[in-house]
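Worksheet: the structure to be examined is printed underneath.
Just so it is clear, none of the values below were taken in a lab; they were calculated from the coordinates. Remember, it's a predicted structure, so these values are computed and weren't measured experimentally. In this analysis, Cβ positions are derived from the backbone assuming ideal geometry, glycine residues included, and neighbour counts consider all displayed protein chains.
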Amino acid sequence: MKRVTNFYPGPGALPLSVLRRIRAELLDFRGLGMSVMELSHRSDAALHLIAETLQRLRRLLDLDESFELLLLQGGASLQFAMVPLNFSSPGGKVDYVDTGYWTAKAIAEARGLGRDVAVAASSGPEYRQLPPQLQVRADTCYLHLCSNNTIEGTQWPVIPCVDVPLVVDMSSDILSRRIDCRAVSCLYAHAQKTLGPAGTTVVALRRDILKRIPENLPTMLDYRPHIAHRSNYNTPPIFAIYVVGCVLEWLEDEIGGLDAMEDINRHKAALLYEAIDESSLFHCPVADGSRSLMNVVFRSTEPRLDTQFVTAAAEHGLIGLAGHRSVGGCRASLYNPVSLEAVEELVTFMRRFERRLAT
Ligand SMILES: Cc1ncc(COP(=O)(O)O)c(C=O)c1O
């Protein structure tokens, strides 16, 4: 077996022990004589699996009973539509923080649905740091922001506190660090970066915001049927949910919980940023204080050298280091399953690449 070191931005690496466990359990899930993929979604085993995964998520996110927690489908992109549909009406005011590619998509979706969108702050056109101040309309239905900007490599060190309902896209940093969710009314995150494979999306909703949901939404786009049916309104992606459960168990039992995970993630990012800052070939365009722990973007002195670096790294078994096609350069995604050893290997390779170029 040959495994590469995976720095893909999502879907990305999964813990090897989780993959081994999936392989071991594939043909006979919990002694039932069939794989988890063959279970009826109405069976006790499936109901139990969903409930158990939601319970682990609730514990790790430290959400109390004032929150509903869901596992949905449609990825984060569907939440770009469900959020305005559920928490505002056509023509209603909704505020967004513009921090790059994915928030632009969320803004466009809300506009397309006829909402009165205001940009509360923008870090464009360069998106190299987070905006210092927010101008939120007092009568807005909600403020939407993205906690970690996967493409631009920026991350809110602390989620801002506002006087209006706050909606946070946490797709690329959920459960990578401790976040105080008490100030948040809705958070969502697809699974395929820090939680498992693509196919399921975590949504947490404060109960008080549910009162705003209008009556005429298509059933699948209304959060309430999903809540009433405990994330089993229609056939759920049980395999993806199962893998998320395995990853959460790994986080709790092998890593030692969220604080231990955060320490490892901080250590990994510090190591890589230090190597970039010391380098005379590479630099990080993101301002200190806005740098992401999850997606480290960097570039060299010329695009040609970026391509050369990404190709040479891939030949060396370090995969997925190209920057997003919209920005170019390089990016290393350091999601939870990416080990400290993987980052050490990358740093060693970057130094060697730079030395070789200089000779
Ligand atoms: C922060 C963020 N939000 C939203 C999305 C869109 O996710 P999906 O492909 O699940 O719709 C992405 C994709 O990578 C992302 O990084």
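A compact table of results
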{"item": "Overall form of segment 91-142 per C-alpha gyration tensor (a/c, 1.5; a/b vs b/c)", "result": "oblate"}
{"item": "Ellipsoid equivalent to segment 257-358 - semi-axes via the Cα gyration tensor, in Å", "result": "22, 15, 13"}
{"item": "Cα gyration tensor, segment 135-232 - rounded (a/c under 1.5), prolate or oblate", "result": "oblate"}
{"item": "Which listed pairs, of K2/K105; K93/K268; K105/K193, have C-alpha distances above 29 Å, in listed order", "result": "K2/K105; K93/K268"}
{"item": "Net dipole in debye of segment 1-147 [+1 Lys, Arg Cβ; -1 Asp, Glu Cβ; about Cα centre; nearest 20]", "result": "580"}
{"item": "Furthest towards positive pole of dipole, A260, H229, V297, structure part segment 201-312, Cβ charges", "result": "H229"}
{"item": "Label-to-label distance, nm, for residues given as V4 and C161 (7 Å Cα→Cβ offset)", "result": "4.5"}
{"item": "Backbone HN-Hα couplings from phi across segment 265-278 [Karplus 6.51/-1.76/1.60, Hz, Gly and Pro as x]", "result": "4, 5, 4, 4, 5, 4, 4, 6, 4, 4, 5, 5, 5, 7"}
{"item": "Coordinate range along principal axes, alpha carbons of segment 22-131, Å, largest first", "result": "54, 33, 27"}
{"item": "Viscosity 0.890 mPa s, temperature 25 °C, Stokes-Einstein D of the chain from Kirkwood C-alpha radius, µm²/s", "result": "115"}
{"item": "Amide H within-cut-off set for H144, under 5 Å, with H built and near neighbours excluded", "result": "D95, Y96, V97, V167"}
{"item": "Lys, Arg +1 and Asp, Glu -1 on Cβ, resulting dipole of the chain about Cα centre, debye, nearest 20", "result": "600"}
{"item": "Projected label distance in nm at D28 and K105, using a 7 Å step from Cα toward the beta-carbon", "result": "4.2"}
